[in-house]
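What follows draws every value from the coordinates through simple rules; no lab data is involved. Remember, predicted model here, so these are calculated numbers, not experimental data. Cβ: placed from backbone, ideal geometry, glycine included. Neighbour counts: every protein chain shown.
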Amino acid sequence: MRFGDGHTMFWALERGLDFTSLWLEFDSWVAGRPATDVLDLGIMLPGCEALRDAHREQRVWQLICSLSTLRRDVQEIVSGVTGNARNPLAYIDKQSVGIDFLGAQVARHGGHAQHKLAMLVQHVEAVLSRGPRVADDVLEAIVEFSMKKFNYWLKVAADVKGTLLNYALDHAKAAQGRVRMELGAYVGYSGLRLSGAVRAERVRPEAWRVLSLEVDPLHVCIARHMLNLGERSGLAEVRTGQVRDLLPKVVDDFGQLSVGLVFMDHRGTRFHEELRLFEREAMLCTQADIICDNVLHPGAPVFLWEETRPGSNRRATVWSLPEFGGEGCIEDWMAFERYEPRQPRSSSMRDPSIGVTKTKGAVQLLLFLSLFIVVLFQKNRQISSNNRTLNYLLIVPHLKQPTLQLILDQ
Ligand SMILES: C[S@@+](CC[C@H](N)C(=O)[O-])C[C@H]1O[C@@H](n2cnc3c(N)ncnc32)[C@H](O)[C@@H]1O
């Protein structure tokens, strides 16, 4: 088996096995000392978290610390944060990373992705000052780190994107027991913001609760650590797993109509699917804020198509703004809308992603998706982001003003 195969295997087995049988399979697989990756072992975390099985959860983190391919600096952080002993023999150096660990997560960018996370934690811990504004301090420290070097850049919603989020938070009504959900936690930056870090809101029982969903266990670990450093873990938590698997579990905990804000920042090509899942589970309250990042880069084509077309009872406003850390040269879009339950679909408003068969809609959608592929191809060939914007506007013509708001000059 290759690195990453364990993840696929146990994800598939989980569909048909109860958790105890799955755990037995997992235990015997681990006993065979396979070549494992963080994601392979982390696949057991969602089940442990859902069943509140702290003992097994601790065991998974212990295996991640001792068995998986972690750089030493990251191993130290994970073992410190989760309270497990690290394995000093599991040392991975720059030379071996590209040879012995080819295909493993650690080998991405020659191990730099992990190194960057370790350096981030060191930086935040070093510059942080305790006090009532500690959470905002963590936000500032993360941005400061990201701007230090070209290759320390972090894909977080900071700068103008953060201002847009603040605007939505400032206009939110009282929480009334509802939650704000973030899809894709990464290092916990926006999770802190959603928990009221910028306004130094106090951790009170009536405050908004925040739930971030994150598939990568390393990111989960760092995000939880940042929430602890910012003293917001009383309000905000991070759960491990893929959004599509976690949403049905979350509704059991929080109930229907419990979500007052969703910040989708994980994978643009899935935004429309996750929104449909939220609707199927009846999780969103009326007028819930839906905010989507990276709608242009890497792009959320079907979401844009569905939420901006004329005749829909919902309408996303799409903001064009500079990407954080791109020195004002890289354009991205964020989408914002107030949730209204979808009207029953008429024959002229078919669902594009589940197979349109009738003429006009199908032809338009096919054209749209094929042009989107061309746009993606252009991105890979490093053609400027302006071209990408123009292409998008060409294929989603109803996005032009006033739906697309330009705030590049601000
Ligand atoms: C752009 S980062 C999120 C940044 C974060 N929202 C912020 O502003 O601080 C995207 C994150 O989504 C996670 N992710 C990607 N696909 C996911 C999925 N299907 N389910 C859960 N998390 C996912 C990635 O591991 C990554 O950490």
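Once divided by 2.2 N^0.38 Å, the Cα radius of gyration of region 113-248 becomes 1.00.
Taking other Cβ atoms within 10 Å as a rough exposure proxy, 144, 273 sort from fewest to most as 144, 273. For the listed residue pairs 155/249; 116/173; 149/249; 173/249, the alpha carbons are over 32 angstrom apart in 116/173; 149/249. The overall shape of region 267-348, judged from the alpha-carbon gyration tensor, is prolate: a/c is not under 1.5, and a/b is greater than b/c.
Counting other Cβ atoms within 10 Å as a rough exposure proxy, the listed residues 180, 33, 276 run 33, 276, 180 from fewest neighbours to most. Reported to the nearest whole Å, the Cα centre-to-centre distance from region 295-316 to region 319-339 is 15. At the listed q of 0.21, 0.24, 0.25 Å⁻¹, the Debye profile of region 1-100, built from one uniform point per Cα, gives log10 I(q)/I(0) equal to -1.11, -1.35, -1.42. One Cα centroid belongs to region 146-200, the other to region 215-270; the line between them spans 13 Å. Fewest neighbouring Cβ atoms within 10 Å first, the residues 208, 333 line up as 208, 333.
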